[in-house]
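*Asks:* Before I ask anything, let me first share the structure, which is written out below as structure tokens.
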Amino acid sequence: MGAGSRVSARGAPSCRRLLLCRSVWAGPACRAGAPSVAAEARPSRVLPFEAIPRSGPNAWLQLFRFWRANSFPHLHLIMQRNFQRLGPIYRETVGTHSSVNVLLPRDAAQLFHSEGTYPRRMGIDSWIAHRVLRNHKCGVFLLNGEDWRADRLVLNKEVISPAGTLKFLPFLNTVAEDFVDFMHRRVRKNTRRLLTVDLHHDLFRFTLEASSYAFYGERLGLLEDTPSRESQGFIQALETMLQTTLPLLFLPPGIMRWVNPRLWHDHMDAWDTIFQHADKCIQNIYQEFCLGKPRKYSGVMAELLLNAELPLDSIKANMTEFTAGGVDTTAMPLLFTLFELARNPHVQTALREEIKAAEAPGPKELSKLLNSLPLLKATIKETLRLYPVGITVQRYPTQDVVIQNYCVPAGTLCQVGLYAMGRSQEVFRDPEVYNPRRWLGKEDNNFKALAFGFGARQCIGRRLAEAEMTLFLFHMLRNFKIDTVSKADIKTVFGFILMPEKPPLLTFRPID
């Protein structure tokens, strides 16, 4: 969801023109949005935008109710209930936010085929306001249009391409091995030779250490017994930034600064700390680079500086966004995965057998090792089905599109409900069952695994996050058995990303 997202004022007349279509796929405007997936037979008459079911009639009354009931942490559950009540498509207006929400994979495919050359994602006004007030450039997360495309094409080569990924895999592997050593040291302090712990903050430390090493080629020392105050301050700032972002989505920053100045100042201060941390890393590597240190791969930042395809301020903006976006968004899926493995020991056993088979022929290159672990990759995909980091994927179609036999005007914010889709019986068989093998069969899984988005605007950190999680789980499963007393479903809250209401206690037993 996002503030400042409004339905196009020119949408209604355009939709009425579409009513002349005799079927969903008749006429140029209709054919342009057709997905490559199989379409079901639908009624011949396309219904107008205004006919889409609504979650509530009054935008400001909806916002007031959200504030009064403190519903923001439960937006994913509210969206799931709305789909159950209203069907696979509905309109929503909350404060300044307006959107059309869809549930089914074929409708996500419709949006993919109508996103155009410059796909737009939901704007976050509070983040943009910080950049403007502090005179910082925006990176690809916030940019749109040609500016976004120009930056993205350069960054793709170093961050998401297969060749770029191969370069930073050893960095991630080193940190994953160090985390295992960190856990063994803690186990040795326990006379029972095991460790029961809330791993929530330790996973933050791991993901920040790993991503910073890959981005800047510099270790932060977060896996040492006493991490620096500066690094811990960065993690705290990141948590504050995410917590304060959610309430800021539904009102313009100017109004929020007056309604809740404390919240606004906390948000701005958190972003300032994030920028200071990233800027220090950038300055270190830039100075070493300018002094002519021996040339070898030393992270994404050094490659961008060497290639000089982006100006320095654009590199800084993007590296800061990468740093801020690469911690919680990887740590939370790892926490949920460890929990699910703890209460599904048969999955643990199967994964260890796969790891053992992959290692049997002898040492392999990291890329080949990762490619020989299909079940482990499917396990990550299954976790993200049940616990997506972001509860929606957003797009603004560049042309009028027919979804569920309703006409949706160009420029409308459309959201695919990932949390609701992942738990829908219409999409997945036995959706509440944790079953990674569902991704390894012959079933059509097109547009069902959208945790990283889709198309040209999919998450640019996808390959880094996937490699980081795979290597972490590979080393942890080789070294520890994971267990938990509580087998009940974990309760989740939405704080701009999905997280556990109360992090689970996990027990790690070394494998002799």
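The values are calculated or read from the model by the stated rules, or taken from the named source; none is laboratory data. Treat the numbers as computed from the prediction; the structure is a model and nothing was measured. As a convention, Cβ positions derive from the backbone with ideal geometry for all residues, glycine included, and neighbour counts pool all protein chains shown.
*Asks:* Inside the stretch 282-343, counting only helices (runs of 4 or more DSSP H) that do not spill past its ends, which hold 3 or more residues that are touching a strand residue (DSSP E or B) at 6+ places or on another chain (Cβ under 9 Å)?
*Replies:* 328-342
*Asks:* Does the stretch 347-363 hold any residues that are surrounded by fewer than 18 Cβ atoms within 10 Å (Cβ to Cβ) and of a type in the set (G, A, S), and which are they?
*Replies:* A350, A357, A360, G362
*Asks:* Within the stretch 59-80, identify whether any single residue is of a type in the set (S, T, Y), at pLDDT below 50 and either within 32 Å of the chain's Cα centre (by Cα) or buried (at least 19 other Cβ atoms within 10 Å of the Cβ) (or both), and answer yes or no. Give the derivation first.
*Replies:* First, pick out the residues of the stretch 59-80 that are of a type in the set (S, T, Y): 71.
Next cut, at pLDDT below 50 only: none.
There is no residue in the stretch 59-80 that is of a type in the set (S, T, Y), at pLDDT below 50 and either within 32 Å of the chain's Cα centre (by Cα) or buried (at least 19 other Cβ atoms within 10 Å of the Cβ) (or both).
*Asks:* Would you confirm whether or not the stretch 420-430 contains a residue that is touching a Ser or Thr at 6+ places or on another chain (Cβ under 6 Å) and either farther than 17 Å from L86 by Cα or crowded, with 18+ Cβ neighbours inside 10 Å (or both)? Let's see the steps before the verdict.
*Replies:* Within the stretch 420-430, the subset touching a Ser or Thr at 6+ places or on another chain (Cβ under 6 Å) is none.
The answer is no; no qualifying residue exists.
*Asks:* When you look at E340, is it of a type in the set (D, E), on the phi < 0 side of the Ramachandran plot and touching a Gly at 6+ places or on another chain (Cβ under 6 Å), yes or no? Let's see the steps before the verdict.
*Replies:* Working: of a type in the set (D, E): yes; on the phi < 0 side of the Ramachandran plot: yes; touching a Gly at 6+ places or on another chain (Cβ under 6 Å): no.
No; evaluated as a whole, the condition is false for this residue.
*Asks:* Pull up the stretch 92-111, narrow it to residues that are modelled with pLDDT of 95 or more, of a type outside the set (A, V, I, L, M) and out of contact with any Gly (no Cβ under 7 Å at 6 or more places or on another chain), then point me to the one that is nearest to I403 (Cα to Cα).
*Replies:* D107
*Asks:* In addition: Would you check if K377 is farther than 16 Å from P88 by Cα and in contact with a Phe, Trp or Tyr (Cβ under 9 Å, 6 or more places away or on another chain)?
*Replies:* On the way: farther than 16 Å from P88 by Cα: yes; in contact with a Phe, Trp or Tyr (Cβ under 9 Å, 6 or more places away or on another chain): yes.
Against the criterion (farther than 16 Å from P88 by Cα and in contact with a Phe, Trp or Tyr (Cβ under 9 Å, 6 or more places away or on another chain)), K377 qualifies.
*Asks:* Of all the helices (runs of 4 or more DSSP H) wholly in the stretch 55-171, which have at least 1 residues that are over 30 Å from M256 (Cβ atoms)? Steps first, please.
*Replies:* On the way: elements: 59-69, 75-86, 105-113, 125-133, 145-159.
Because the criterion is at least 1 residues that are over 30 Å from M256 (Cβ atoms), the helices (runs of 4 or more DSSP H) in the stretch 55-171 that meet it are 75-86, 105-113, 145-159.
*Asks:* Scan the stretch 203-218 and give yes if some residue there is without any contact (Cβ under 8 Å) to a residue 12 or more places away in the chain and at negative phi, otherwise no. First the steps, then the outcome.
*Replies:* Taking the stretch 203-218 as the starting set, the residues that turn out to be without any contact (Cβ under 8 Å) to a residue 12 or more places away in the chain are none.
No, the stretch 203-218 has no match at all.
*Asks:* With (1) farther than 25 Å from Y297 by Cα; (2) crowded, with 21+ Cβ neighbours inside 10 Å as the list, and V175 as the residue in question, which single condition is left unmet?
*Replies:* Condition not satisfied by V175: (1).
*Asks:* Does Q232 satisfy the criteria of being within 21 Å of M183 (Cα to Cα), assigned to a helix (DSSP H, G or I) and of a type outside the set (S, T, Y)?
*Replies:* On the way: within 21 Å of M183 (Cα to Cα): yes; assigned to a helix (DSSP H, G or I): yes; of a type outside the set (S, T, Y): yes.
In short, yes.
*Asks:* Okay, moving on. Out of F168, F182, I need the residue that is under 24 Å from A302 (Cα atoms), crowded, with 16+ Cβ neighbours inside 10 Å and either touching a residue at least 24 places away in the same chain (Cβ under 8 Å) or in contact with a strand residue (DSSP E or B) (Cβ under 7 Å, 6 or more places away or on another chain) (or both). Which one? If you could, list the steps in order and put the result at the bottom.
*Replies:* On the way: F182 fails: under 24 Å from A302 (Cα atoms).
Exactly one of F168, F182 is under 24 Å from A302 (Cα atoms), crowded, with 16+ Cβ neighbours inside 10 Å and either touching a residue at least 24 places away in the same chain (Cβ under 8 Å) or in contact with a strand residue (DSSP E or B) (Cβ under 7 Å, 6 or more places away or on another chain) (or both), namely F168.
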